[in-house]
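Here the structure comes first, spelled out in structure tokens, and everything after it is commentary.
The values are calculated or read from the model by the stated rules, or taken from the named source; none is laboratory data. None of these values were measured; they are calculated from a predicted model. Cβ placement follows ideal geometry from the backbone for every residue including glycine, while neighbour counts extend to all protein chains displayed. Keep in mind that these areas ignore ligands, DNA and RNA; they rest on the heavy atoms of the full protein, side chains included. Shrake-Rupley method; radii C 1.70, N 1.55, O 1.52, S 1.80 Å.
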Amino acid sequence: MTPQEEPSKSLRQPSMNKFSGEIGLRYEALFHNTLNGILIFDYEKEIIIDANDIAVSILGYDDKHDLIGMSKFEFIPKSSDYFPGEDLQAYVKDNGRRIKAGESFRTRGIFINREGTHILVKAKVVPTFYKKGEGFTIFQDVTKKVLAHKAQKKTEKRYKTIFDNSLEAIIYIDPKGFTPLICNNNALEILQVADLEELTEHCAHVLRSKAHRHSTLTLIELAAYVNEARDLGRRQFYTWLARKDGELRRMNVVIVSDMSDQDEHVLIVFARDVTNFYEYRQSLVSKNEELEKYIKSNLQLENFAYLASHDLQTPLRSMISFTQLLNHRLKDKTDEKEKELMEHIVNSGKKMRDLITNLLAFSSIDKQEVVISRLNLHDILDNLLFELEPLISATKAKISRSNLPKIVQGDAIKINRLLYHLVLNSLKFRNHNKSPVIHISCKEKSTHWQFDVTDNGIGIEEQYIDKIFGMFKRLHNDELYQGTGIGLTLARKIAGLHGGRLWAESDFGRGSTFYFTLIKDAEALGIE
């Protein structure tokens, strides 16, 4: 029938050619009541000449007369997925010769039922000895059994793949003596042992050792966990386990009761090394504590800055006003030196006022709500340049723009202040031998806009580029370039509030470029 035939043997042909009497009745009872399907072939004519009810049923027909006269090649396929690459009909062509020679043999093969479905069969082919060339094919439908066996093999293969390649240590243990039965390679690796025998010895030593009882799993603890796993089906816990080299590792352990074999109850231990995660979490706890202290301290500092700014404003205004009033009243009674001193007091007072105002703005910016809306960037720049027009005219500056998006998302007031401080910085730190040239442009990225503000000013030495964004960090005195040292710090803060950042590049003596980014979708950061 198929290539999977078993060795044949010769049978002595009985003297009688047909059944009669009691033997015939026995034959009929056996033929029709056996649990196996039986087909009788005439190998001279290559057709079925009889079939019992089981054969008719297995092949899906209503009556044996549907099968009688059918060629065996009508229900034996030429090929099948069960035997890839094999010509199945070629293997049954020699059956007639073997039957005529008095051989019987076992085989496995494929039948096609009435619906066209391939059925796996296990069969024995035996000569009838009633007529030369006739033979019995006694068969069973083993399709379900074979498929179940294949499914089991596939499941076992998948299980072995998972078992061998799992990131967790997997150990089967005897719940009576806590003895490891089998384990995967990761269990050996985690505990730094060579094989199951060494693992068994190490586990016994660790469980009975008193050296690390304060931080490792003890025998009493394991017994309690095992009992819970046996009663509830599962128990999870965290513990410290000592490796063979003595190093303690933090483990997340799950014990599962395996009830698949009623005769042999075992427990499966799944253990994952979470030492790195544990240490990282402990580090986060420590950092969070430090952060809470910092936030508390920073809030106190902000409150102090806010109150100090308000409290300093009143006497400062009085000092400026009284000095200006005194200068006005004594204008004809003071000499040039005294007038210069009073002017210096007023200028110092105004500088202090600007410093306090900027400090107040910086300390309160985090408290202010960031109101995101669609902004026309060209309108913002137009208003900004109008605001700076006196300084632009005085310095004869040329300011241009290119490739700017018409619409961006952001807080209108804060984006205005961001651009204000960058443009003002370029106007302020200009080369006095030539007029400022400032160009504002933009590049579109996948998630954000990148803006460039380029000037031809004095530039910044490389070692000072990062320092210019610090609070009150000024590289020049007031005689050369006036300012408070807060503008760039405030600008960087505003960029951060919009999910972006601010940085600078410079060619000392030739100019600088300030870059800042704005996220395209402000809602992605939870900014509303």
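Loop-resident GluC sites (Glu not before Pro) (DSSP state other than H, G, I, E or B) in the stretch 105-183 with no more than 13 further Cβ atoms inside 10 Å of their Cβ: 115. Segment residue 149..residue 224, full-extension length gain: 23.1 nm, with 0.36 nm per residue of separation and the alpha-carbon distance subtracted. Residue ranking by accessible heavy-atom surface, 1.4 Å probe, largest first, among 32, 65 comes out as 65, 32. Dividing the convex hull volume of the alpha-carbon atoms in the stretch 366-448 by its residue count gives 113 Å³ per residue.
Potential lengthening of the chain between residue 115 and residue 142 amounts to 8.0 nm, from the contour at 0.36 nm per residue minus the alpha-carbon distance. The packing ranking, built from the mean of other Cβ atoms within 10 Å per residue, places the peptides 487-493, 272-278, 54-60 in the order 487-493, 54-60, 272-278, highest first. Once both labels are positioned 7 Å from their Cα atoms along Cα-to-Cβ, the gap between residue 66 and residue 434 label points is 10.1 nm.
Please work out the FRET efficiency for the pair residue 74 and residue 163, using the Cβ-Cβ distance as r and a Förster radius of 56 Å; give the result to the nearest 0.05. Calculated transfer efficiency: 0.75. How far, in nm, would the chain grow between residue 27 and residue 395 when pulled straight, counting 0.36 nm per residue and subtracting the alpha carbon separation? Full extension of this stretch gives 120.2 nm more. Spin-label pair residue 343-residue 174: with each label point 7 Å from Cα along the Cα-Cβ axis, the two points sit 10.4 nm from one another.
Checking the Cα-Cα distances for 124/154; 45/124; 339/414 against a 31 Å cut-off, the pairs over it are 339/414. Sequentially through the stretch 500-517, phi angles give Karplus couplings (6.51, -1.76, 1.60; θ = phi - 60°) of x, 8, 9, 8, 9, 10, 8, 10, 4, x, 10, x, 9, 10, 9, 10, 8, 10 Hz, Gly and Pro residues having no value and appearing as x.
Simple spin-label estimate for residue 503 and residue 252 gives 3.6 nm between the two label positions (7 Å along the Cα-to-Cβ direction from each Cα). Convex hull volume of the Cα atoms of the stretch 30-186, normalised per residue: 189 Å³.
Using 31 Å as the Cα-Cα cut-off, could you pick out the over-long pairs in 64/122; 150/244; 396/467; 293/445? The answer is 150/244; 293/445. Of the peptides 218-227, 144-153, 446-455, 102-111, the order by per-residue mean of other Cβ atoms within 10 Å, starting with the highest, comes out as 102-111, 446-455, 218-227, 144-153. Each Lys or Arg adds one and each Asp or Glu subtracts one; over the other residues with Cβ under 10 Å from the Cβ of residue 439, this totals 0. The largest accessible area among 501, 98 belongs to the first residue in 501, 98, and the rest follow in falling order (1.4 Å probe, all chains). Count Lys and Arg as plus one, Asp and Glu as minus one, and take only other residues whose Cβ is under 12 Å from that of residue 321; the net charge is then +3.
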